[in-house]
1. Got a sec? Which of Leu129, Leu139 is buried (at least 16 other Cβ atoms within 10 Å of the Cβ) and out of contact with any Pro (no Cβ under 7 Å at 6 or more places or on another chain)?
2. Any idea how many residues of the stretch 157-185 are without any contact (Cβ under 8 Å) to a residue 60 or more places away in the chain, surrounded by fewer than 21 Cβ atoms within 10 Å (Cβ to Cβ) and assigned to a loop (DSSP other than H, G, I, E, B)?
3. Considering only the stretch 100-111, I want to know if a residue exists there that is of a type in the set (Asp, Glu), part of a loop (DSSP other than H, G, I, E, B) and surrounded by fewer than 16 Cβ atoms within 10 Å (Cβ to Cβ).
4. If you take the residues in the stretch 14-36 that are at pLDDT below 95 and not in a strand (DSSP E or B), which one is nearest to the ligand (Cβ to nearest atom)?
5. Exactly one condition in (1) modelled with pLDDT of 95 or more; (2) part of a helix (DSSP H, G or I) is false for Tyr114; which is it?
6. Quick check on my filter: what residues within the stretch 192-208 are crowded, with 23+ Cβ neighbours inside 10 Å and in contact with a Phe, Trp or Tyr (Cβ under 6 Å, 6 or more places away or on another chain)?
7. How many residues are within 18 Å of Leu181 (Cα to Cα), in contact with a helix residue (DSSP H, G or I) (Cβ under 6 Å, 6 or more places away or on another chain) and of a type outside the set (Phe, Trp, Tyr) when one looks only at the stretch 80-95?
8. Testing Phe73 on (1) in contact with a Phe, Trp or Tyr (Cβ under 7 Å, 6 or more places away or on another chain); (2) buried (at least 17 other Cβ atoms within 10 Å of the Cβ), one condition comes back false. Which one is that?
Amino acid sequence: MLQIIDINKSYGSKKVLNNINIDFKPGESTAIVGESGSGKTTLAKIIIGLEKQNSGEILLNNKILQSINKRYFETCAKIQYIFQDPYSALEKNFTVLQTLNETVTICKRNNYDYMSIEDCIINVDKNLLNYLDQKVDILSGGQKQKLCIARSLITKPKIIIADECTSMLDKKNSEEIFNLLNKIKQEKNIILISILHEVDFYSEYWDKIAIFKDGNLLEYSEFKNFYNNAKNIYSKELIEAFKFFKYKGDQYE
Ligand SMILES: Nc1ncnc2c1ncn2[C@@H]1O[C@H](COP(=O)(O)OP(=O)(O)OP(=O)(O)O)[C@@H](O)[C@H]1O
């Protein structure tokens, strides 16, 4: 279990996170939703140790998570981050095999148990096996993001944080990536945290939803209950905006 306890964060005089409390459970996916600047990525950065909170604690299985320079390799390896832009998350001159081998080498150096490259790829999309000797550069955006997901599996993570990971993909590829992450969540019993600007309230990817605004966690509930039972005014506004655009989209499709 990953516990976010009373987390506060400011940059100078600007409060970015205000007393955030959330429990993330294994096998559970959470959509963290909020407008730009609401603090979603800052919370994710604190979880992976890239930022340090001003107060509060993050516990992973009851142990305090230190900032990244104080973390053991094992703790870093347990938490994987999928970035918004798969193009800049990968070294374009590397082949697919070199990309995955880099992480395997680090695991070997640290005597850390890892998933084989073949297994990682099969978990994601076995077609990528045909591209092992190809440069990353020739892959499509969707294939690149799948490669990032395959790479994240090498360390057998307990937590995957996907930060706007489909924002550069079309609808079909986005659905494929969310289905894939959901399948991995279920099969590997991991905590999946997905940071989103917008959410499809009809989708079935998420177990929980956390609504952020101006550094505050306004609402945290079961995803399936949220659409009909949202309590906060801002949450209701998000639902109304979704309904409006959904209707308009259907009209023009
Ligand atoms: N290193 C930093 N120094 C100063 N301010 C920062 C820094 N990082 C983030 N901020 C500010 O903190 C606030 C929250 O940023 P954050 O990136 O967490 O928001 P977000 O909800 O993830 O937004 P987006 O969806 O646009 O990524 C913003 O006002 C941002 O400008």
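1. Leu139
2. Result for the stretch 157-185: 2.
3. There is no residue in the stretch 100-111 that is of a type in the set (Asp, Glu), part of a loop (DSSP other than H, G, I, E, B) and surrounded by fewer than 16 Cβ atoms within 10 Å (Cβ to Cβ).
4. Ranking the qualifying residues of the stretch 14-36, first place goes to Ser36.
5. All conditions pass for Tyr114, except number (2).
6. Trp206
7. 4
8. (2) is the only condition that Phe73 fails.
The values are calculated or read from the model by the stated rules, or taken from the named source; none is laboratory data. This one's a predicted model, so the numbers in the text were calculated from it and none came from an experiment. Ideal geometry is used to build each Cβ from the backbone, glycine not excepted, and the neighbour counts take in all protein chains shown.
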